[in-house]
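*Asks:* Provided herewith is a single structure, encoded as C-alpha cells, for subsequent inquiry.
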Amino acid sequence: MPNHYTKFSALLPLCSAGAVTQALELLEAMRAEGADGAFESESVGFEAEANEPPDSELQHLWIHHDESGSVENVLAFVYACCEKKLTLPVRWSLIWAGDCSKPCLDAYCGGAIVLDLETGTEIASLSLTDWAYQIKHCTHQVFDVDREAAAQAHDCVMQKQNGEATSETPAMLPICTALAAAAFGQTVTISGVGPD
C-alpha cells in the first residue's frame, strides 16, 4: 500500500517578537479545539516554530511538514494570525507538493496560494492537477508572446500609467486576446520572453 505525502516549508513573517509568542499560543489554542474549531481534523498537519534570521530583526514562524501535511489547516492558522494582526502587511505564499512512496497514477500533485496578510484574503491560487487537466482537455489557453509583443505591451502599460496616449499594435494581439479570454473566466497562460 503506497503512502501519500503533502510537503511544504515556508516562513510566515510576523510583526514582532511578541507576535511570535502570541502566534504560537494561538496555535496551541487551535490545536486544543481540534476538529471542533477551525482545523479540519484532530491532526494539525504542520509544525510551527520561531525562526529568527541572524541578519535581520524580522520575526518569522517556520511552518513546515514533510509527511502528511494539511494545507487547509495551515491556511486556517495563517488567517487567524491575520485576524489578530500578528502578521506583517505583505504578500505571502505557500507552495506544496504531493508525493507518493510508490509510482502510482494520479498520486503526484502540488499547488500554491498567495495571500495578502494585511487583509487576510487570497490573491491567487493554483492546483497543478487542475491546471494540467485544463490544458489537456483544451479548456485552458496558452498564448505565446514574442519579444517584440512583450516590449510593446510593456511600453503601452507604462505610457498609460503616465497618462500618455497609446495605440495598440498588431504585435500586442496575443496579449489582448489572452486578457479578453481571462475576462470571460477562462484560465490562460501567457508564455514567452520579454525585455529585461
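*Asks:* List every residue pair whose Cβ atoms lie under 9 Å apart, where the two residues are 6 or more positions apart in sequence or sit on different chains, the first residue falls within region 60-78 and is over 17 Å from I113 (Cα atoms) and in contact (Cβ under 8 Å) with a residue 24 or more places away in the chain, and the second residue, located anywhere, is assigned to a strand (DSSP E or B) and β-branched (V, I, T).
*Replies:* As it stands, the answer is E67/T6; S68/T6, since those pairs meet every condition given.
*Asks:* Restricting attention to region 145-160, and to residues there that are of a type in the set (D, E, K, R) and out of contact with any helix residue (DSSP H, G or I) (no Cβ under 9 Å at 6 or more places or on another chain), which single residue is most open to solvent (accessible area, probe 1.4 Å)?
*Replies:* Only one residue fits best here, namely R147.
Table: residues versus (1) at pLDDT 75 or above; (2) surrounded by fewer than 14 Cβ atoms within 10 Å (Cβ to Cβ).
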| position | (1), (2) |
| --- | --- |
| H140 | no, no |
| F143 | no, no |
| E168 | no, yes |
| T177 | yes, no |
| I190 | no, no |
| P195 | no, yes |
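*Asks:* Can you say whether G34 is touching an Asp or Glu at 6+ places or on another chain (Cβ under 6 Å), under 17 Å from S70 (Cα atoms) and open to solvent by less than 70 Å² (accessible area, probe 1.4 Å), as far as the supplied structure shows?
*Replies:* In short, yes.
*Asks:* Checking the condition among the small types (G, A, S), open to solvent by less than 40 Å² (accessible area, probe 1.4 Å) and either more than 30 Å from L61 (Cβ to Cβ) or modelled with pLDDT of 80 or more (or both), which residue from A132, A181 passes?
*Replies:* Numbers: A132 fails: open to solvent by less than 40 Å² (accessible area, probe 1.4 Å).
Just one listed residue meets the conditions, A181.
*Asks:* Taking the residues in region 58-69 that are farther than 13 Å from L26 by Cα and in contact with a helix residue (DSSP H, G or I) (Cβ under 9 Å, 6 or more places away or on another chain) as candidates, determine which candidate is least open to solvent (accessible area, probe 1.4 Å).
*Replies:* Among residues in region 58-69 that are farther than 13 Å from L26 by Cα and in contact with a helix residue (DSSP H, G or I) (Cβ under 9 Å, 6 or more places away or on another chain), the one least open to solvent (accessible area, probe 1.4 Å) is I63.
*Asks:* While we're here: Given the conditions (1) on the phi > 0 side of the Ramachandran plot; (2) of a type outside the set (S, T, Y); (3) at pLDDT 90 or above, report the number of the one that G34 does not fulfil.
*Replies:* (3)
The values are calculated or read from the model by the stated rules, or taken from the named source; none is laboratory data. As the structure is a computational prediction, the values presented were derived from the model and not from experiment. Cβ: placed from backbone, ideal geometry, glycine included. Neighbour counts: every protein chain shown. Please note that ligands, DNA and RNA were not included when accessible areas were found on the heavy atoms of the full protein model with its side chains. Shrake-Rupley method; radii C 1.70, N 1.55, O 1.52, S 1.80 Å.
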